[in-house]
Amino acid sequence: MLVVERITPPEIGTGHAVKVSVSLPQDLVDEVRARVGPREFSAYVAEAVEQRLRLQMLGEIVDDYVAKHGPISAEVAQEVDAEWRAALGR
């Protein structure tokens, strides 16, 4: 059984909005606008960036664990996967 300390994730995406300029491929812009409309475009992009940051942070946590404790066994990976699916209700 894998036992790790609970980590409180940093708060991201909670500050005030700042206008920035980014360049995106036209097809991505068209797809996002078709799904959310022009008024929700920034929120959609912000959510995608936040999700990417959280995934990178999770990867850093796993890398840190592996550096301290060695590779994660297949048994532990299956246990974590089962707990993750249960938490998501799958």
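The values are calculated or read from the model by the stated rules, or taken from the named source; none is laboratory data. Worth saying up front: this structure is predicted, and the values here are computed from it rather than measured. All Cβ positions, glycine included, derive from the backbone under ideal geometry; neighbour counts span all protein chains shown.
Here are a few things to note about the model shown:
- Within the option set V32, V4, V62, being at pLDDT 90 or above and of a type in the set (V, I, T) holds for one residue only, V32.
Residue-by-condition table, conditions (1) over 19 Å from the mean Cα position of the chain (by Cα); (2) surrounded by fewer than 10 Cβ atoms within 10 Å (Cβ to Cβ); (3) modelled with pLDDT under 90:
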site: P10; (1), (2), (3): no, yes, yes
site: K19; (1), (2), (3): yes, yes, no
site: V36; (1), (2), (3): yes, no, no
site: Q51; (1), (2), (3): no, no, no
